[in-house]
Amino acid sequence: MSDENTHMAAAAEPVKPPAKRWWAVLQREDWIVVGWVMGIKVLLFIFGAKSFRILENKPLPGKSGWLDIWNRWDSLHYLQVAQFGYNAASVMKAWFYPLFPWCTRLVAYFVSHNYLVSAFIVSGFSSIAAAIFLRRIVQFDHNTRTSHWAVWFFLIFPTAYYLHIG
């Protein structure tokens, strides 16, 4: 009788499902979007490096020249805020939102102490997350094909290269 009670008590206990891996959270359609983002990033960097060599008529600068050519425009200011923070001398740069520089500083602390590489890492994860969230939001109201088209046009829009650079 006691064996029966023990067996019944064990059968009544809920069985815990196995822990999911972090990559199992993404659906098949999400992985397609991640592939698109990474593919467009690679094509953009190749196109940028080739264009720089043609337009400037000189080789890429330094050992990480394919990254250095993107260190222009607002990137300089964001990296300065990430390295030194906001101070009285940089009042002109106060309109930059602090989340990206903070994330860049955090990644630089853990990864490489190279703020430019850290900015590309933060930008890469952010663009992947934005593309996945856009696909999922569009899929609430439309089918999978429409959500894929929305992400595709989001990624190839002419100003979308800001998603891919630091």
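The values are calculated or read from the model by the stated rules, or taken from the named source; none is laboratory data. Computed from a predicted structure; not experimentally measured. Note that each Cβ is placed from the backbone with ideal geometry, even for glycine, and that neighbours are counted across all protein chains shown. Remember, those area values only see protein heavy atoms, side chains included, never the ligands or the DNA or RNA. Shrake-Rupley method; radii C 1.70, N 1.55, O 1.52, S 1.80 Å.
Per-structure values
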quantity	calculated
Per-region count, the stretch 145-162, residues in contact (Cβ under 8 Å) with a residue 12 or more places away in the chain and either β-branched (Val, Ile, Thr) or open to solvent by 80 Å² or more (accessible area, probe 1.4 Å) (or both)	3
Options Ile40, Ile32, Ile54; residue that is farther than 26 Å from Ser126 by Cα, outside any loop (DSSP other than H, G, I, E, B) and modelled with pLDDT of 80 or more	Ile54
Considering residues of the stretch 80-127 that are assigned to a helix (DSSP H, G or I) and polar (S, T, N, Q) only, the residue modelled with the lowest pLDDT	Ser90
Flag if Ile165 is open to solvent by 30 Å² or more (accessible area, probe 1.4 Å), over 17 Å from Glu29 (Cβ atoms) and within 13 Å of the chain's Cα centre (by Cα)	no
Every pair of residues 6+ apart whose Cβ atoms lie under 6 Å, when the first sits in the stretch 123-144 and is more than 27 Å from Leu79 (Cα to Cα) and of a type in the set (Val, Ile, Thr) while the second is surrounded by 13 or more Cβ atoms within 10 Å (Cβ to Cβ) and modelled with pLDDT of 90 or more	Val138/Ser147; Val138/Ala150
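Here is a yes/no grid of residues against (1) aliphatic (A, V, I, L, M); (2) more than 17 Å from Ile40 (Cβ to Cβ); (3) open to solvent by 50 Å² or more (accessible area, probe 1.4 Å):
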| residue | (1), (2), (3) |
| --- | --- |
| Ala82 | yes, yes, no |
| Tyr86 | no, yes, yes |
| Pro101 | no, yes, no |
| Ala131 | yes, no, no |
| Asp141 | no, yes, yes |
